[in-house]
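Trainee: My structure is below; once you've seen it, I'll send some questions.
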């Protein structure tokens, strides 16, 4: 019996895809990683996932889990491996409004969980562009971030319980809904963000939060980025920690926005050095209930705070949204980021993190160093600044690998001097493995290798991802 | 050269303690674990910790880290091991008000960090009784909890960066101040809560938060515990997530309090089935600034919310503190818990967690089952109810091991049927290793064993703690 025969016996022919039927899974949406799996299987439950892993191991074939396939670092690429799609495991097993938890299978689409929570007046606070396709399994495997991390944390901090199929086909059951549990090592946190290299996540218990009943949104102009940390701290204090988003767009972003998407308009007459989009979210009636005159206390709170900070000279100009339409227009300018950035090629784009108060230092230094490499256009930045997370893109005049390596090395050098990370929220996958080899603490890499070897001694779980080979040349 | 000689050469005689000089470290404050280390050493920096580990390994002697030694599960017990005290590593290396981080060594006492943060208008939000002795190293190694977890999380969620000396004497440097970092496995989370069995934590970067400028505190009476989850959710919504404490004391607690500490008084004329102590904390001027009439908006918010819930019949009686003195009196009744519980012996006490909405089910069922074992007194409960964390104590008539085992098995049985944990915040150490063998998922135990063997192949790091032997008899 071939592996395909065995899998077909297990799952039925409809759930063992080969040839052209695999395209939807084998090619991720970046297009940069056209995979060649031996097959794509679609198990219907955890036991079938375990059986698929066991069968593949018996045939010496590695396995690569795939769910929504919206990752950015080639984490699901395989040549010769078996892709295990979690898409049929799409049940919300339980939603408990009293305990504020949702028990979900790995194939649940993020927006489906949003909808199910909303029906109970609750919110699953993980929000990013691919929410209509991304599935919980991939979200957990990459420890996904997004634009609400500032308030609610990354995926890891939203997960209470986890179910994982291990390399030996056994099922690790950590499916609890507990907020405190000190019974041994933090295994849950270890499998989250491991990108399928230690096991396949099949289900999870996720936290829900009360859905904000009001938002207040503003676009603010600052004279310089160093003031932004002060601004964030002041907004947090004034609101009592209600800041849900704190996004940064420099002058270069605004100018490019005006060129590519003139329909979106610019908020201020003169383009400021620093534009911040911030949003508060509240649940308390005292802040959310519309008054007889039509005003909302949360909006008043933001207006009063912003006015005070303008009097102090910290903010130079400001617009507070007075309607959902104005709020939408503010977000549209921010969400055009990918469109206005990647319209130009070649580019070198990164997803980096620095300590909260070092973003200005990063930009000052990298702009200085980039002068050594001729640029076709000025660099572009857009940032989840409240998390210290910058998406920085340079546009060198040539697209050679040598230039790419030179620029990425410059960026990573500056990040390293500031105590930052070359991967903030996108993970490592295939594309950032060279950065792991170059930049990650050598002892940390050895510890990761030891953990990987202990849990997957035959190296069958998503091989070649995350951890570089011991004597890798880091390029 | 003996190990003692080698250590004396390394550290000087003042920092190598033997004989009676070891008592302060070798005997923990519970008195239940009188250890017999070969020596207690007091290295002054990370390099010396690493050298101590290397020397001990060369002599085949295991190492046990100790900091404040305020743990409750015998985590620092050793017979024949080398105790490595972190007490001299007590520097706050850096405190950054802009980024809201503190870089601390493992020997920093928790209350020293509280004081340093307070001097900057900030708060390190981990609060429990032993804060004047407990040190950061132990706090991290046990993933300590306490009474602010509901709002700010356990220790693991307050840590950004970590430095660890490994079994082979190498130093793992994860000392970043990043809020997002997806560069590989969650090693930081793995070492936190590992109780020194995977490495010795020597330093950390911890998160700080704005210090609340106002608190509002209330003692509330409910007719039954099942309503408490509803109450907590309503308080969170009304306040926008400002609940910092939600503590539960049943009627049995109130009656015992009146007997043992009549000086503290009881809040209500008739003892209610359920007494809840809750506290809100706020930073926003709109909630914190005292008005001309002397009132504080946060207190008004709590009073209005409580009044509404009384009208609905959810709360049957209530007192909102009108002064710091009244607030202090409310907390004094809660903090008398250990005194009024452990005045009676023998006892069987536990630290368990259940899902947020299952505390009432736990108590109903355990009280029913305990009728099979004659009790000298009614059981006692006090709970961080907002975390689903109950400290439950039974008082059987005899103190035999057989009775202890019978009662603890009953409690663990009920906890297991509710999807709970036998250790919420105290950890495992030595005393809960039998519970690990009996109750923890077998696959999870095997994964922990694999991780332990990978990172400490010779078994020299705090041996005999946390993980039970493979063929342990679970008693």
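The values are calculated or read from the model by the stated rules, or taken from the named source; none is laboratory data. Computed from a predicted structure; not experimentally measured. Positions of Cβ are backbone-derived with ideal geometry, glycine not excepted, and every protein chain shown enters the neighbour counts.
Trainee: Filtering the stretch B:220-244 down to residues that are surrounded by 16 or more Cβ atoms within 10 Å (Cβ to Cβ) and away from chain A (no Cβ under 14 Å), which residue is nearest to the chain's Cα centre (by Cα)?
Mentor: The qualifying residue nearest to the chain's Cα centre (by Cα) is B:220.
Trainee: Residues in the stretch A:172-204 that are within 7 Å of chain B (Cβ to nearest Cβ) and more than 15 Å from the chain's Cα centre (by Cα): how many?
Mentor: Final tally of qualifying residues: 17.
Conditions tested, residue by residue: (1) without any contact (Cβ under 8 Å) to a residue 40 or more places away in the chain; (2) under 17 Å from the mean Cα position of the chain (by Cα); (3) surrounded by 16 or more Cβ atoms within 10 Å (Cβ to Cβ).
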| residue | (1), (2), (3) |
| --- | --- |
| A:76 | no, yes, yes |
| A:83 | no, no, yes |
| A:89 | no, no, yes |
| A:96 | no, no, yes |
| A:102 | no, no, yes |
| A:105 | no, no, yes |
| A:109 | no, yes, yes |
| A:116 | yes, no, yes |
| A:123 | no, no, yes |
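Trainee: A further question on this structure: Tell me the residue from B:174, B:208, B:187, B:235 that is in contact (Cβ under 8 Å) with a residue 60 or more places away in the chain and farther than 18 Å from residue B:108 by Cα, please.
Mentor: B:235
Trainee: Now, a different point. For the stretch A:1-32, give me the residue count where each residue is assigned to a loop (DSSP other than H, G, I, E, B) and buried (at least 20 other Cβ atoms within 10 Å of the Cβ).
Mentor: Within the stretch A:1-32, residues that are assigned to a loop (DSSP other than H, G, I, E, B) and buried (at least 20 other Cβ atoms within 10 Å of the Cβ) number 1.
Trainee: What is the one condition in (1) in contact with a helix residue (DSSP H, G or I) (Cβ under 9 Å, 6 or more places away or on another chain); (2) at pLDDT 95 or above; (3) buried (at least 22 other Cβ atoms within 10 Å of the Cβ) that residue B:49 does not satisfy?
Mentor: In the conditions (1) in contact with a helix residue (DSSP H, G or I) (Cβ under 9 Å, 6 or more places away or on another chain); (2) at pLDDT 95 or above; (3) buried (at least 22 other Cβ atoms within 10 Å of the Cβ), residue B:49 misses (1) alone.
Trainee: Of the conditions (1) more than 29 Å from residue A:213 (Cβ to Cβ); (2) surrounded by fewer than 20 Cβ atoms within 10 Å (Cβ to Cβ); (3) within 12 Å of chain A (Cβ to nearest Cβ), residue B:213 satisfies every one except a single condition; which number is it?
Mentor: Exception for residue B:213: condition (1).
Trainee: Quick one: would you say residue B:96 is at negative phi and away from every other protein chain (no Cβ under 13 Å)?
Mentor: No.
Trainee: Considering each of A:374, A:335, A:324, A:378 in turn, give the residue that is surrounded by fewer than 20 Cβ atoms within 10 Å (Cβ to Cβ) and closer than 26 Å to residue B:182 by Cβ.
Mentor: Criteria check complete, one pass: A:335.
Trainee: So residue A:166 ticks every box in (1) more than 10 Å from every other protein chain (Cβ to nearest Cβ); (2) surrounded by fewer than 24 Cβ atoms within 10 Å (Cβ to Cβ) but one. Which box is left unticked?
Mentor: Only one criterion in (1) more than 10 Å from every other protein chain (Cβ to nearest Cβ); (2) surrounded by fewer than 24 Cβ atoms within 10 Å (Cβ to Cβ) is unmet by residue A:166, namely (1).
The rows are residues; the columns are (1) part of a loop (DSSP other than H, G, I, E, B); (2) in contact with a strand residue (DSSP E or B) (Cβ under 6 Å, 6 or more places away or on another chain); (3) under 21 Å from residue B:112 (Cβ atoms).
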residue: B:146; (1), (2), (3): yes, no, yes
residue: B:151; (1), (2), (3): no, yes, no
residue: B:161; (1), (2), (3): no, yes, yes
residue: B:177; (1), (2), (3): yes, yes, yes
residue: B:196; (1), (2), (3): yes, yes, no
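Trainee: Right, another one. So in the stretch A:460-470, with the set limited to residues that are more than 8 Å from chain B (Cβ to nearest Cβ) and assigned to a loop (DSSP other than H, G, I, E, B), which one is nearest to residue A:62 (Cα to Cα)?
Mentor: Step one: list which residues in the stretch A:460-470 are more than 8 Å from chain B (Cβ to nearest Cβ), which gives A:460-465, A:468-470.
Restricting the remaining residues to those that are assigned to a loop (DSSP other than H, G, I, E, B) gives A:460, A:462-465, A:468-470.
Numbers: A:460: 4, A:462: 7, A:463: 7, A:464: 10, A:465: 12, A:468: 17, A:469: 17, A:470: 20 Å.
Step by step, filter the stretch A:460-470, then rank; the result is A:460.
Trainee: Inspect all residues belonging to the stretch B:128-137 and state whether any of them is within 14 Å of chain A (Cβ to nearest Cβ), in contact (Cβ under 8 Å) with a residue 60 or more places away in the chain and farther than 23 Å from residue A:185 by Cα.
Mentor: no
Trainee: Answer yes if at least one residue in the stretch B:351-363 is at negative phi and surrounded by fewer than 16 Cβ atoms within 10 Å (Cβ to Cβ), and no otherwise.
Mentor: Checked against the condition, which is being at negative phi and surrounded by fewer than 16 Cβ atoms within 10 Å (Cβ to Cβ), the stretch B:351-363 yields no hits at all.
Trainee: Just to be sure, is residue A:417 buried (at least 21 other Cβ atoms within 10 Å of the Cβ) and closer than 26 Å to residue A:251 by Cβ?
Mentor: No.
Trainee: Of the numbered conditions (1) at the interface with chain B (Cβ under 8 Å from one of its Cβ atoms); (2) at positive phi, residue A:146 satisfies every one except a single condition; which is it?
Mentor: Condition not satisfied by residue A:146: (1).
Trainee: For the stretch B:254-348, which helices (runs of 4 or more DSSP H) that fit wholly inside it have 2 or more residues that are touching a residue at least 40 places away in the same chain (Cβ under 8 Å) and under 30 Å from residue A:236 (Cβ atoms)?
Mentor: Of the helices (runs of 4 or more DSSP H) lying wholly inside the stretch B:254-348, those with at least 2 residues that are touching a residue at least 40 places away in the same chain (Cβ under 8 Å) and under 30 Å from residue A:236 (Cβ atoms) span B:285-288, B:297-311, B:324-335.
Trainee: Give B:341, B:283, B:316, B:364 a once-over and let me know the one that is at pLDDT below 95 and away from chain A (no Cβ under 14 Å).
Mentor: Only one candidate passes the filter, namely B:341.
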